[in-house]
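Have a look at the structure below, then the notes.
We did not get these values from a lab; they are worked out from the coordinates using the rules stated. Not measured: the values here are computed from a predicted model. Reconstructed Cβ throughout: ideal geometry from the backbone, glycine too, with neighbour counts over all protein chains shown.
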Amino acid sequence: MDTQVRAVEGSEAPVLDTAEVARLLRLNVDYVRKLSREGVLPAHKLPGGRTFRYLRTEVLDWLGRQPGVADGGEPVPRA
């Protein structure tokens, strides 16, 4: 497992930036931004800014609701 991913997964920071969410979800940063702009991924835009912030609990809840994700947060193996 990537050291940076472990650092994000191991931290209990309640607020994450886009790069931390991308590492946590193992997605490209631009794709995380796209999902955020489209309202697919729960995100909060700071007043007067262009950046998103994410609540860790909301991101993990969202991930758990995605098809193909087991209860433990691990992807379901394809048959």
Alpha carbon convex hull of segment 3-64, projected area averaged over orientations, nm² = 4.0
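Order by neighbour count: Val32, Val40, fewest other Cβ atoms within 10 Å first, most last.
Working: Val32 25, Val40 11.
If I rank by nearby Cβ atoms, fewest first, I get Val40, Val32.
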Roughly how many nanometres apart are two label points built 7 Å out from the Cα toward the Cβ at Trp62 and Ala13?
-> 1.7
